[in-house]
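What follows draws every value from the coordinates through simple rules; no lab data is involved. Because the structure is a prediction, the values reported are computed rather than measured. Virtual Cβ from ideal backbone geometry, glycine too; neighbours counted across all protein chains shown.
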Amino acid sequence: MPHKDDIEGKSFGSTLKATRLGKRCSILGVALHNPKKKNSFTDLQYEDLIRILALAGKEDSIDAIVISGQGKYFTSGADIGSFFGLADYLEEDETQGAILKTPAARFMTAMIDFEKVLVAAVNGPAIGIGVTLLPHCDLVYCTENSTFWTPCEFFLACDFFEITLLVTVSSLV
Amino acid sequence: MFSVSRIAIVPEFSSSVLFVEAMGLARANNLLLMGKQINANEAVSDRLVTEIVRNCDQSGDCFDEQSIGYKVCNDLDNQLLSLAHADKTAKVRN
């Protein structure tokens, strides 16, 4: 029986499309939707994903989330523009924990903390965070033509989840 | 992994740990340090991907690659039925 609720009906701007699927409508299909930039992860997209993970985690009628991409790309990775926003977070809070307040880090924490079944359905090229999020999923499916690429060293730009860990570890030495 | 920190490049999202666990240090470095792009078959052998969903199955049914999300959702729905009833089974047992 179709079960409409605020998760499916809620507007996630233009960054995500959430649809309940399956016979019992208990599988939430989430499609990344940022066609101009091949589904790159912007801060807005991180925030929307954090919200949808929190809502789905609390909703008893949802068993699993399947993350996929709209169009030919799964995701082109973190939007380079979002890296510049990091300076703002560090200006407000100079402690090491400031990095954990960024949308990217909070999204990563939300994924790790998500207690239901989390599935990735890779529909095409996956780049950067599109690849590194895969080991955090319970199941990963891909199409025959999918590709996986983590070109961190080419851009000298990475998300900062691990940096915090390294900073913490190095400060202990 | 010391060379990573020496050149001030850090793999994101715990990948320096999880990729090594999944595929071993050499293959993980090939991805994270060398920036090698891999295809779907390599991703399965590297244990990054569970399964490739073929465009056409044995019965001849084909689907558009872009709708893999829907296909996986529906497949999952059938296979997760047992999971959905697990809580009820647990209640009976208790």
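In terms of surrounding Cβ atoms within a 10 Å radius of their Cβ, A:CYS142, A:CYS25, B:CYS62 rank from fewest to most as B:CYS62, A:CYS25, A:CYS142. Among B:LEU80, B:LEU48, B:LEU25, a tally of other beta-carbon atoms within 10 Å of each Cβ gives an order, fewest to most, of B:LEU25, B:LEU80, B:LEU48.
Fewest-first ordering of A:ARG51, A:ARG20 by other beta carbons within 10 Å of each residue's beta carbon gives A:ARG51, A:ARG20. Taking 24 Å as the limit for the C-alpha separation, the pairs A:LYS37/A:LYS58; A:LYS116/B:LYS71; B:LYS36/B:LYS71 exceed it in the case of A:LYS37/A:LYS58; B:LYS36/B:LYS71.
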